[in-house]
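To start, the structure under review is shown below, and the notes come after it.
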Amino acid sequence: MKAKIRWAKDNLFKGYFNSALSIFLITFFAWAFYNFFNWLVIDSVLLGDADACRQASGACLAFIVDKTRFIFFGFYPETEIWRPIIAIFIFFIITFYSRLKSRWNRRLLYNWMYCGLVIWLLMRGGYFGLVKVETHNWGGLPLTLMLAVVGMIFSYPIGIFLALGRQSKLPLIKYLCVAYIELIRGVPLISMLFMSSVMMPLFLPEGYSPDKLMRAQVAIIMFISAYMAEVVRGGLQAIPRGQYEAADAMGLTYWQKMRLVILPQALKIVIPPTVNTAIGMFKDTSLVIIIALFDLMYTTKASMQDSNWLGFSVEAYLFVALIYFVFCNMISRMGRLFEKEFR
Amino acid sequence: MEPIIKMNQVSKFFGEFQALNKIDLNVNLKEKIVICGPSGSGKSTLIRCLNRLEEHEEGTITIDGMELKDDVENLEKIRAEVGMVFQHFNLFPHLSILENLTLAPIWARKIKKHDAVDLAFHYLKRVQIADQAHKYPGQLSGGQQQRVAIARSLCMKPKIMLFDEPTSALDPEMVKEVLDVMVQLADEGMTMLCVTHEMGFAKKVADRVIFMDEGKIIEENNPDDFFDNPQHERSKLFLSQILY
């Protein structure tokens, strides 16, 4: 206790200005927290309808309670909700299991493929007596997670190849990669999503049109790959020339050199910017709203427009912000874990 | 007997700068050569051309009957036969000492993992750091790292060893332990080309000393005559500058 008082004296109340500032800030945060707590807990309405909410001065939690299923799962049939829940559960388990580097082997890769397949079958249905649910009825959290996770799984290796291609001695490969990276980076994601939804069908043969979700996924993968390529390039450039030369001098082939010597070091260096890109992408998936895919953000917005529940957008935005924050925080923690694992 | 290294009129340019100027050099099996010269004289470039870390523009280089050309298959075969030790060791920091040694034998020589481990321990014992096998390069002293680098090259069972200023990045008290390993290697009959200014080493093991300046071989002689009685003005000047 004494030590704490001394710490406060040394750090918060050293001199008049410092003390005044500390008192002002502590008062301000106490006031802000008090008001927020009143709004969220004391004055809020947890059970009841919209009218009850309008009469109270606090948050309308009843709205969130009523809309939770829709925000999380969109138009996925109500009786089948257990399927996306199990799918998300499977995803969490395999992700949690993969957190240790010592478990990364070929078998784990097969397990990921296997889980991906199970999740797809579970979500889509049409087999084993499961009702078929078309992808345009998928929505909410599973959709957002899928766009982000599948996006990252594919754009990471593509980005690596693009980064290697950009450093290639063969001019054709080099300039193709440079052109791709610069072109994609020069275009906003929103316009790529738009193109994937409106223009791509024009170029494909008549009658052949992959579904909208798939097209959006491809657009996201293409977009993030370009960014990943630049992240990886940063790592490649940080590797001293001596490492390349030592690998060359031992008679390793180009691919052996990259796979065994250069990339393990380069990818380790770029874990922080990779995590940064992953978090950015997770949030950018909310742009699929413009091609009317019901991701987490769109289901939230749609909930606000329910005529029974008009006027509770603050609650809805805070709720969805919390969900995004939880997931971004998890990605960030995973990044820090990998940094430790690879030290 | 046919020389194991044949350089014929080899030239190398870095842009306008001519790093090597019509070099002719033959090296016989088991011969030990020390290359010296002022900085920028092309001595490092010369040995780096021998495993094609640098590509020469003119002339021909033949290693053990294989000519160095833009032919990748051929190139990796030659590189596997030519070991190289660098000034800054260039160990792979993400791999343990043992993994550093077994990497190339497993992937380039395609030998079995446990054979590669046996081989690695054989050479680690020879450079006297077998007890450090499971550490990482960052945990070793400079002299130990350079000995590991030598062992790493030896694991490929090369016919020729190239040394590019192997002791010049070391703290003075660690020079001897590295030179001892190199002397031992020379005694066993390895073909060696060393870029170094270690005169004691040159006198002890070299069959020939080559003095280079401005991309040319200026003087070639046995070490005793070269150091005690240099023939060329530039050799004399150089020796007077390095001997304090």
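All of the numbers you see were taken from the coordinates with simple rules; none came from a lab. From a predicted model like this one, the values you see are computed outputs, not experimental measurements. Heads up, the Cβs are rebuilt from the backbone with ideal geometry, glycines too, and the neighbour counts pull from every protein chain shown.
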19 Å Cα cut-off, lysine pairs counted over the stretch A:133-342 (separation 8 or more, or different chains): 5
Square roots of 5 times each gyration tensor eigenvalue, C-alpha, the stretch B:68-117, largest first, Å: 22, 16, 8
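Would you work out the charge dipole size for chain A about its Cα centre, treating the Cβ of every Lys and Arg as +1 and the Cβ of every Asp and Glu as -1, and quote it to the nearest 20 debye? Kindly include the intermediate steps, with their values, before the conclusion.
Working: 33 positive and 20 negative charges, 362 e Å.
For chain A, the charge dipole is close to 1740 debye.
State to the nearest 20 debye the size of the charge dipole of the protein assembly as shown about its Cα centre, where the only charges are +1 on K and R beta carbons and -1 on D and E beta carbons. Show your work: numbers first, answer last.
Values: 62 positive and 57 negative charges, 373 e Å.
With Lys and Arg at +1 and Asp and Glu at -1, about 1800 debye.
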Translational D in µm²/s for the stretch A:15-88 (Stokes-Einstein at 4 °C, 1.567 mPa s, Kirkwood Rh from C-alpha pairs): 83
Lys/Arg +1, Asp/Glu -1 at C-beta; the stretch B:1-127 dipole; positive extreme among B:Leu25, B:His122, B:Ser11: B:His122
Straight-distance crosslink candidates among lysines, where the alpha carbon sits under 19 Å from B:Lys6 and sequence neighbours closer than 8 are dropped: B:Lys22, B:Lys30, B:Lys32, B:Lys43, B:Lys69, B:Lys77, B:Lys159, B:Lys216
10 Å Cβ shell holding at most 12 others, DSSP loop, GluC sites (Glu not before Pro): longest site-free stretch of chain A: A:207-343
Cα-based convex hull volume of the stretch A:240-343 per residue, rounded to whole Å³: 123
³J(HN,Hα) computed for each position of the stretch A:85-102 - Karplus, 6.51 cos²θ - 1.76 cosθ + 1.60, integer Hz, glycine/proline x: 5, 5, 4, 5, 4, 4, 4, 5, 5, 5, 5, 5, 5, 7, 5, 9, 4, 5
Dipole of the protein assembly as shown, positive direction: furthest Cα of A:Cys115, A:Phe312, B:Leu154, with charges on the beta-carbon: A:Phe312
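Across peptide A:238-248, how many C-beta atoms of other chains are within 10 Å of each residue C-beta, on average?
Mean shielding count: 5.
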Rounded, prolate or oblate (a/c below 1.5 giving rounded, otherwise prolate when a/b exceeds b/c) for the protein assembly as shown by Cα gyration tensor: prolate
Reachable lysines from A:Lys14, criterion Cα separation under 16 angstrom, eight or more residues apart if same chain: A:Lys4
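Once you order the gyration tensor axes a ≥ b ≥ c over the Cα atoms, which shape class does the stretch B:19-71 get: rounded for a/c under 1.5, otherwise prolate or oblate by comparing a/b with b/c? Mind showing how you got there, number by number?
On the way: a/c = 1.95, a/b = 1.16, b/c = 1.68.
It is oblate, given that a/c is not under 1.5 and a/b is not larger than b/c.
Distances longer than 18 Å among the Cα atoms of the stretch A:222-289: what percent of all pairs is that? Can you show the working numbers first?
On the way: 1062 of 2278 pairs.
Counting pairs separated by more than 18 Å, the tail of P(r) holds 47 percent.
Quick one: plug the Kirkwood hydrodynamic radius of chain B (C-alpha pairs) into Stokes-Einstein at 10 °C, 1.306 mPa s, and report D in µm²/s.
Value of D from the Cα-based Kirkwood radius: 86 µm²/s.
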Long-range Cα-Cα pairs in the stretch B:154-242 (distance over 18 Å), rounded percent: 48
Burial ordering of A:Met113, A:Met195, fewest other beta-carbon atoms within 10 Å first: A:Met113, A:Met195
For the stretch A:172-324, the spread of Cα positions along each principal axis, largest first, Å: 73, 43, 22
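Which value in Å is the Kirkwood Rh of chain A over different Cα pairs? Write down the numbers at each step before the final one.
Numbers: mean 1/r = 0.0421 Å⁻¹.
Computed over Cα pairs of chain A, the Kirkwood hydrodynamic radius comes out at 23.8 Å.
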Ascending count of other beta-carbon atoms within 10 Å, so fewest first, for A:Val118, A:Val275: A:Val118, A:Val275
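Only bridges whose two residues both fall in the protein assembly as shown count here: according to DSSP, what percent of them are antiparallel, nearest 5? Let's see the in-between values first.
Numbers: 19 of 38 bridges.
Roughly 50 percent of the beta bridges in the protein assembly as shown run antiparallel, per DSSP.
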